[in-house]
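**Student:** Right, I'll just put the structure down here and ask away after.
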Amino acid sequence: MKRDLAVVFDCGSTNLTVVVVDAGGQLVASWSSPGGPVHQEGMPDGYMVWDLDALWDRLCTAGRQCMEEIDPDRLCGVTVTTWGADGAPVSADGDLLYPPISWQDDRTEQLARDIESDIDAWTLYQTSGYQIIGFNTLLKLRWLHEHEPRALADAKHWLMMPGLFSMLLCGAHSLDATAAGTMMAMDMAQRRFSDRLLEWAGVRADLFPPIIDPGAVIGRVSAEAAKATGLPEHLPVVAAGHDTQFAAVGSGAGPGEVILSSGTWEILMLRSNTFAPSKQDFDDGLLIEADAEPGKFNPQMLMMGSGVLEWLRDQFYTDSKGRETGYGDMVGAAEKIRRGCDGTMVIPSFVSGTGPLRRHQTEGTVLGLGLSTTRDHLYRAALEGLSCQLRQAVGILSRGCESPCTGIRVVGGGSKNPLWNQIRADVCRLPVTTIEQKEATVLGASMFAFVGGGTYGSIAEAQEKMVGATQVFEPSANADAYEAVFEAYSGLPPALQSFYGRPH
């Protein structure tokens, strides 16, 4: 029997999906269920955790549904990809000793401010590749060390979210390099933990399983997991990890292309052969994470994406009965608005401290409103503002390119909006390429499952066979006109700095 199918547990922070992918890169089965963090019972407002049992139950249901649609004998392996930064301590038997603290939790915000009294932010960046972000794992470890020390003392290991789900599949404890790279705790150049950073958190390196590379076989599906998920018992469980890195692999980006993973958040990244943190990159807010392949690194910028569009939809495209206008209708209406939106402009920094405007402390801003301004002006202005943000980010990231930047490869949900893609191309004056398979994270993760399961001999071979057709949006005749929009946009953050820098 040909082993030409792989299963991906694609766990996002709002949706949990089980997908079956064939060796040609086509999705042959997919089931989803909503997910999200919950308030931690008995704790203050703002304390948000993941109910691991509930998430696992939803994944099991989706797995059983998918298995009904395929021949399980064709499967070569199963892998897991999730968001980063979150994890939890577990016992030797796999019992959860404290619920995974969500990246949406606010209990570590004070620690994010305090850490610089011991380790300055530039030193931390040179070591870990990470800016100080309030939800990162290192801060959660310190919080547990101070407030719930028994959970760490009784733990055999700390597992990140991909490791927790993989443990439920096969029983083995694992930590892949991409998930470890999101912890703000690694010596990134050495691809191992930093003793100094772990000491600050009050833990030792033996709290973590040995770091493994994606594509390694962690274990095999247990009898219990097989019954729960419908997966065949003894199916190889192959390491994947943090979703961002697998979107980069699945994009099929070539030399000179930057990769934009566009969803609620956008991440603009490179696949680089060097770890070279610079003070300028630090000041501009770049992060550097471990690539899915050893010897590579992912300089990247995190910034708001369609979260701004989701906010607009909630505020202006929902009627009194809670019914929302479809995104297709929103795009169609925005296409009728003139470029420049009659002077309306949106700065999409809805989460301050992220994106290329962090040095100016800019927050989300709407300017140029008039009595004739409509919600469609606001929506198109948001697309234009997001595209101006992208151009600034491309300029910052391009400093680290090993070859000139020749284009932008867009993956994720934000790649499905043709108007947005054309505005991106016009504002950035670069071709924007999308791939036929919109689920680049799933595609990239499945490549590692196919390599780990023996179907393909290398990731390069998997990419050649699995990345399908592309669509290219070339800069149009509107590109010159967008120069004035970009110039006006670029002048706003310095002008607004005194306003946003005031106490409030």
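The values are calculated or read from the model by the stated rules, or taken from the named source; none is laboratory data. Since the model is a prediction, treat every value here as computed from it, not as a measurement. So basically every Cβ, Gly included, is an ideal-geometry build from the backbone, and we count neighbours across all protein chains shown.
**Student:** Given LEU260, LEU309, which one is in contact (Cβ under 8 Å) with a residue 60 or more places away in the chain, within 20 Å of LYS416 (Cα to Cα) and either part of a strand (DSSP E or B) or more than 21 Å from the chain's Cα centre (by Cα) (or both)?
**Tutor:** Criteria check complete, one pass: LEU260.
**Student:** Pairs under 8 Å by beta carbon, first residue under 14 Å from PRO294 (Cβ atoms) in segment 268-279, partner at pLDDT below 90, six or more apart or different chains?
**Tutor:** SER272/GLY400; SER272/GLU402; ASN273/GLU402; THR274/GLU402
**Student:** If we scan segment 276-285, do we find a residue that is over 22 Å from PHE450 (Cα atoms) and polar (S, T, N, Q)?
**Tutor:** Among the residues of segment 276-285, at least one is over 22 Å from PHE450 (Cα atoms) and polar (S, T, N, Q), which makes the answer yes.
**Student:** May I ask you to list the residues in segment 222-271 that are more than 29 Å from VAL308 (Cβ to Cβ) and either among the acidic types (Asp, Glu) or at pLDDT below 95 (or both)?
**Tutor:** Residues satisfying the conditions are GLU224, GLU233, GLY254, PRO255.
**Student:** When you check GLU293 against the structure, is it modelled with pLDDT of 95 or more, assigned by TED's automatic domain parsing to the domain that holds GLY414 and either out of contact with any helix residue (DSSP H, G or I) (no Cβ under 9 Å at 6 or more places or on another chain) or outside any strand (DSSP E or B) (or both), yes or no?
**Tutor:** yes
**Student:** When residues of segment 355-368 are filtered for being outside any helix (DSSP H, G or I) and surrounded by 19 or more Cβ atoms within 10 Å (Cβ to Cβ), how many remain?
**Tutor:** Number of matching residues: 4.
**Student:** A further question on this structure: With (1) surrounded by fewer than 24 Cβ atoms within 10 Å (Cβ to Cβ); (2) free of Cβ contacts under 8 Å to residues at least 60 places away in the same chain as the list, and GLU335 as the residue in question, which single condition is left unmet?
**Tutor:** It is condition (2) that GLU335 fails.
**Student:** Can you tell me which residues in segment 263-285 are part of a strand (DSSP E or B) and out of contact with any Cys (no Cβ under 9 Å at 6 or more places or on another chain)?
**Tutor:** Correct list: TRP265, GLU266, ILE267, LEU268, MET269.
Yes/no per residue for (1) touching an Asp or Glu at 6+ places or on another chain (Cβ under 8 Å); (2) of a type in the set (Ser, Thr, Tyr); (3) over 24 Å from PHE282 (Cα atoms):
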residue: VAL394; (1), (2), (3): no, no, no
residue: ARG399; (1), (2), (3): yes, no, no
residue: PHE450; (1), (2), (3): no, no, yes
residue: GLU474; (1), (2), (3): no, no, yes
residue: VAL485; (1), (2), (3): yes, no, yes
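For (1) surrounded by fewer than 23 Cβ atoms within 10 Å (Cβ to Cβ); (2) in the same structural domain as GLY263 (by TED's automatic domain parsing); (3) without any contact (Cβ under 8 Å) to a residue 12 or more places away in the chain, each residue gets a yes or a no:
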position: ASP426; (1), (2), (3): no, yes, no
position: VAL442; (1), (2), (3): no, yes, no
position: GLY454; (1), (2), (3): yes, yes, no
position: ALA460; (1), (2), (3): yes, yes, yes
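**Student:** Considering (1) surrounded by fewer than 18 Cβ atoms within 10 Å (Cβ to Cβ); (2) more than 16 Å from the chain's Cα centre (by Cα), say which one GLN104 fails and leave the rest.
**Tutor:** The one condition GLN104 does not meet is (2).
**Student:** Only one residue in LEU144, LEU138, LEU96 is touching a helix residue (DSSP H, G or I) at 6+ places or on another chain (Cβ under 7 Å) and surrounded by fewer than 19 Cβ atoms within 10 Å (Cβ to Cβ), so which one is that?
**Tutor:** Matching residue, one of LEU144, LEU138, LEU96: LEU96.
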